[in-house]
Amino acid sequence: MAPKPMFWLIEVEAYDYSVGFMHNADISGKVLIVSSQLWSIIRGSEVFSVLIGPGIFKGQAQKGHIKVDVTEFISALIFDPTRLRCDEPLPQVDIVSPEVIDPTGAGKQEEIVTVIRNLIMERGNILAGDPLATVRSEAGVPQTAHYEEVFEKINVSHVSGVQRARFILAGTNGPMYRAYVEHFEKGKFDNCRRTKVMATPFSRFASFVDIEVMANWQIVEKAGMDMKTGIEAVGEEYDRTLDMLRKDKEMFMFPP
C-alpha cells in the first residue's frame, strides 16, 4: 500500500541561488510541503533526495545589502541532504500522525503509573535503604541523605497528531500556511506543470518542465514497479499526492 501523505516542515539554507532578478544570492526560509515520503532520485552518477507534492517556500534572498522577501509555490523540493544545512541534520517532521502526551491537556484521559523520587535529609542514627551520604560532625548529630521512591498514579491526556499540526501551523508558521491554504482553495495546485520546483543542487526555482533539472530521473523506491522517469514520474506522484490531499482535506486544510 502506498504511504499516506503528511506535512513536512523544513528549514532551508542555500547559496549562489538565482531568484528573480537576483543571481548568486543566499536564501533562507522554510518549506512546507505535503509529500508521501522522502524519495530518492538517481540520474547517472547523481543521487538526490526529493519531496513531491503541493508546497510553498517562504523566506528571504540576500545579496550584499539587498534583501528581498520570497514566496514561491512549488511541486517538489530537490536537495542534497548533506548540504541543505551544513551544521545540522535534515529535520524530517511528521506533524500529522504522531501522538503527544500532555499532562495538562483536555483530550482523552488515560491513567499511568509514574515513579517519584524524593531526596530526604534525616538527622540521627537512621536506617536508610540506599543512603547517598552520611555526614558526621564533631560532637554533632549525624545527617544522612537518601532517596525515597513513591509510586503514584496520574492522569494524562492524549493530543492527536491533527491537533498538534494545527497548533504548529497556526502559530509562527501561520502566514505561510494561510498562503498555502488560499492557493489550494483557488485550485492553483491542480496543474503541476504550472508550478515550480525548488532545486537546491541547481541553485534555482525551476519550471516543472525544465529539461535540465527534471528530465531522466528515476525514482529509486519505484524502480521495478514503474518505468516512468523524469517529468512523467514526478508528475504522476504529484497527482497521486494531490488526490489524497483532496480526499482527506479536513485533515490538512483548516482555518489558520
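Checking the structure you have, find out if any residue of segment 241-255 is in the same structural domain as residue 78 (by TED's automatic domain parsing), on the phi > 0 side of the Ramachandran plot and not basic (Lys, Arg). No, there is no match, as no residue in segment 241-255 is in the same structural domain as residue 78 (by TED's automatic domain parsing), on the phi > 0 side of the Ramachandran plot and not basic (Lys, Arg). Within segment 200-254, the residues that satisfy the criterion of being closer than 21 Å to residue 181 by Cβ and free of Cβ contacts under 8 Å to residues at least 60 places away in the same chain are 239, 243, 246, 247, 249, 250.
So for segment 90-106 (the condition being touching a Lys or Arg at 6+ places or on another chain (Cβ under 9 Å), assigned to a strand (DSSP E or B) and either buried (at least 17 other Cβ atoms within 10 Å of the Cβ) or modelled with pLDDT under 90 (or both)), does at least one residue qualify? Walk me through it before giving the result.
In the first step, residues of segment 90-106 are kept if they are touching a Lys or Arg at 6+ places or on another chain (Cβ under 9 Å); the result is 91, 95-100.
Retained after the next criterion (residues that are assigned to a strand (DSSP E or B)): 100.
Narrowing further to those that are either buried (at least 17 other Cβ atoms within 10 Å of the Cβ) or modelled with pLDDT under 90 (or both): 100.
Yes: one or more hits.
Taking segment 10-70 and the strands (runs of 3 or more DSSP E) fully enclosed by it, the elements with 2 or more residues that are without any contact (Cβ under 8 Å) to a residue 60 or more places away in the chain are at 22-35, 46-63. Taking the criterion of being crowded, with 18+ Cβ neighbours inside 10 Å and among the β-branched types (Val, Ile, Thr), the residues of segment 35-73 that qualify are 41, 50, 52, 56, 70.
Conditions tested, residue by residue: (1) aliphatic (A, V, I, L, M); (2) surrounded by 13 or more Cβ atoms within 10 Å (Cβ to Cβ); (3) assigned to a helix (DSSP H, G or I).
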{"residue": "166", "(1), (2), (3)": "no, yes, yes"}
{"residue": "179", "(1), (2), (3)": "yes, yes, yes"}
{"residue": "184", "(1), (2), (3)": "no, yes, yes"}
{"residue": "189", "(1), (2), (3)": "no, yes, no"}
{"residue": "209", "(1), (2), (3)": "yes, yes, no"}
{"residue": "216", "(1), (2), (3)": "no, yes, no"}
{"residue": "231", "(1), (2), (3)": "yes, yes, yes"}
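Of all residues being among the hydroxyl-bearing types (Ser, Thr, Tyr) and not in a helix (DSSP H, G or I) in segment 191-207, which is modelled with the highest pLDDT? Just the residue, please. Across segment 191-207, the extreme among qualifying residues is 207.
The values are calculated or read from the model by the stated rules, or taken from the named source; none is laboratory data. Source: prediction; values computed, not measured. For neighbour counting, all protein chains shown are included, and Cβ atoms are generated from backbone atoms with ideal geometry for every residue, glycine included.
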